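Comments concern the structure below.
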Amino acid sequence: MQNRLGLSVCFVSSSLSWFFGFQRYIKQVASFFVAVCFTSMVNETQGQVFPGNASFDRYGGYLAIEGTATGRFHLEKLDGRHFLITPDGYGFLSFGVTHTRALADPGDSGYDYFLQAHGRDWSKANAKLQKSFQQWGYNSLGYDSHPSTRKLYPHFASCSPSGKVSSWLGRSISFPDVFSSEWKARARSELEDMWRRYGGDPNLIGIYWTDMPAWDLESAERRAGRTWVDAIRNLPETAPGKFRYNQFLLERGAEASDEEFLRIIAREVYAFIGPLTRELAPDTLIFGDRYSGKNFPWTVAAEALRWIDVISVQPDDAEYPADLLNRVHRETGKPVMICDHQSSFATSDHQNVMWKTLSDVSEVTRSHGTYLEQGFATSFLIGYSRCQYIDRYQSQRDILKQGLVKANGKPYEELVEGVRKNNWAVHGHFVASAAAAINERGVSGESGEPIRHQYGTEDRQWLLHYPSSNGEPSPVYFYAHARGNNPRQAEKFVDDLLSCGVSVISWNSIRDIQTLDQVRKSWEDAETAFQWVINNADELGLNPRYVVIGGTSRGSVISWPLAHSGHPAIRGICMQEALPIKAWQLPNVWLPTENVNKHSPPMQLTYFRVPGVSDLPERHRAFDNHDPKFGQRIADRYAQEGIRERAEVVHSLSKRKRPYSAIWQGIGEFVLGLQPQL
């Protein structure tokens, strides 16, 4: 870190002049923030999966279950249990629905709900889907979703690099010669096309390969009339696959078996698509083929283990397959994803329904609840995707693929109510159990749970107070969280401050701002929350003349004018990932440098990345809109005001994995470093 020099600060003498001046400033810049600070940022999700629910991060991860923030979904094992970890660093279990893209394809269903209800407008359809998912407890899309919906939810990429080998194709299966250069070229093209469509999206959970490939010899014979081994065996003598099969026969002689050669086929497939997928997507989880639970291909899966992160299984029964999945985890050591599943019930219009058909809808919801309870009680299940959002009838087979809603868009009321209760029961279990564990070891180290206060009359106007226990009025770190998070983001760093005798105030406001009125209200909230803290400082045990303004990303933007307002209580600024790129894109309306003045307090801005990352192409792996060069612009303005010694910009704290703790290291030292100037 750079040395801090000359931390003396001149303050305006009148709090009253600050108050009215700040009011006017809010009105001047409000329109700017609609366009700049609260529209969808590059590399950020649009809004939150569960807006208004303080237990979840923007992706639907559990805030009480803390992992490492890397900017991408990844896996961690926490307290003995496997979790997906959101890009922001929180434990995540995927509750998804597959085939949401089917909204736009009525097929043989007889009613085009997408046209009639939404005018074939995906933005309208997505708004309805979001409302339903928020109620029902779904936080992901599974696979087979529309690009516009993928902007809103965590999701999976899917492709078919092995070819047309899915078991449900039946007699249309076409087993390729995977030993040939032609197959390898097609597989490469399939994977590259997949990555062009899905790559670089922080909402991407992972990559699926082929759906239900017909690996099992007995099942393939029954469904397709031949096996993959048969297809290779019957190739012309000049074909690469036939050459490899003849070589196998010479090597193994009388001991040669179709099962053994099937494993050689699998080895050839995975040895090609595995490293190629890793090359294309080095920071993305590979969920591999979606294997049949009824005919799980044990020897085939063993060949994939080197390349995949998760075992993906599609069970077919209504009861949780404990024996199968316990064995899968035991023999592979990998977490398990139930990638596609449901049980169904007959309707007055359709007696023939896909999946295991139970007696009635109440039995389906009971079975679903038991399934989730048993599955997520294990240490290895990381997700469950329900098959189908909307009913789709297939006339050729005279069968209904049953959704959560009917073809006319109306929900199966008893079904969705049961699903809602079941999903939220699991969410509630993980939220409660994690919170209990945190309380047991002390969520805030020194002082346990924070104290919640209402700083205004609106529901959103609340804050969390993490009090220091040093027995005397303490300095205050006044913190605004990042977009898509909530005030509990302060728990990333609060222990450091409490141990130094500094209290933390982390305040809430409107989290996803879309209108001018919302912008105005959010700025009024900033003013109201700050003044409430000053007015109640004695009761809270705070020093009303020792406040440091903090904020991360979006939080830095909404706190920036306040930080430079000249209020006599404000002693410093300590922000992380401050003033992202869009805060600089309307220079004729507002620039953050305009707030800096000769009375601006000492400032420390910390960044993960190296300067210049926002100049990279947006799809580049290292692109980041939180560029240290923006902090340097502020430092340069400090220099113009003759106070350069008050500005410190620290960058390159993590060049790749972005552990969130890095940007808060030394925060207590900075805050206490201001004390001699009192």
Matching residues, segment 262-303, being more than 20 Å from Leu75 (Cβ to Cβ), open to solvent by less than 10 Å² (accessible area, probe 1.4 Å) and free of Cβ contacts under 8 Å to residues at least 60 places away in the same chain: Leu262, Ala266
I want to confirm something. Restricting to segment 289-316 and keeping residues that are of a type outside the set (A, V, I, L, M, F, W, C) and in a loop (DSSP other than H, G, I, E, B), which single residue is farthest from Ala271 (Cα to Cα)? Asp316
Do we have any residue at all in segment 162-178 that's more than 37 Å from the chain's Cα centre (by Cα) and outside any loop (DSSP other than H, G, I, E, B)? yes
Here is a list: Glu458, Glu449. Which entry is touching a helix residue (DSSP H, G or I) at 6+ places or on another chain (Cβ under 7 Å) and open to solvent by 40 Å² or more (accessible area, probe 1.4 Å)? Glu449
Across segment 398-415, which residue is nearest to Met354 (Cα to Cα) among those that are open to solvent by 10 Å² or more (accessible area, probe 1.4 Å) and among the aliphatic types (A, V, I, L, M)? Ile399
Tell me which residues, restricted to segment 344-368, are open to solvent by 30 Å² or more (accessible area, probe 1.4 Å) and among the polar types (S, T, N, Q). Ser348, Gln351, Asn352, Thr357, Ser359, Ser362
Under 6 Å by Cβ, and 6 or more places apart or on different chains, what pairs join a residue from segment 405-419 that is touching a residue at least 40 places away in the same chain (Cβ under 8 Å) with one that is open to solvent by 60 Å² or more (accessible area, probe 1.4 Å)? Ala407/Tyr111; Asn408/Tyr111
Within segment 295-316, can you find the residues that are in contact with a strand residue (DSSP E or B) (Cβ under 9 Å, 6 or more places away or on another chain) and either aliphatic (A, V, I, L, M) or modelled with pLDDT under 95 (or both)? Val300, Ala301, Ala304, Leu305, Ile308, Val310, Ile311, Val313, Asp316
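Quick one: how many residues across segment 369-397 are closer than 27 Å to Arg330 by Cβ and open to solvent by less than 20 Å² (accessible area, probe 1.4 Å)?
Going through segment 369-397 one residue at a time, the tally reaches 13.
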Go through segment 177-202 and give me each residue that's open to solvent by less than 60 Å² (accessible area, probe 1.4 Å), touching a residue at least 24 places away in the same chain (Cβ under 8 Å) and in contact with a Phe, Trp or Tyr (Cβ under 9 Å, 6 or more places away or on another chain). Asp177, Val178, Phe179, Lys184, Ala187, Leu191, Tyr198, Gly200, Pro202
Restricting segment 235-247 to residues that are part of a helix (DSSP H, G or I) and charged (D, E, K, R), the residue that is surrounded by the most Cβ atoms within 10 Å (Cβ to Cβ): Arg244
Search result, residues across segment 304-343 that are over 21 Å from Ser167 (Cα atoms), of a type in the set (Ser, Thr, Tyr) and buried (at least 20 other Cβ atoms within 10 Å of the Cβ): Tyr320
Name the residue, out of Ile205, Ile232, that is surrounded by 22 or more Cβ atoms within 10 Å (Cβ to Cβ), modelled with pLDDT of 95 or more and in contact with a His (Cβ under 9 Å, 6 or more places away or on another chain). Ile205
Can you pull out every residue in segment 314-338 that is under 15 Å from Leu372 (Cβ atoms) and among the hydrophobic types (A, V, I, L, M, F, W, C)? Ala318, Ala322, Leu325, Val336, Met337, Ile338
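The values are calculated or read from the model by the stated rules, or taken from the named source; none is laboratory data. What you see is a predicted model, and the numbers here were worked out from it, not measured in a lab. Cβ: placed from backbone, ideal geometry, glycine included. Neighbour counts: every protein chain shown. These area figures cover heavy atoms from the full protein model, side chains too; ligands, DNA and RNA do not enter into them. Shrake-Rupley method; radii C 1.70, N 1.55, O 1.52, S 1.80 Å.
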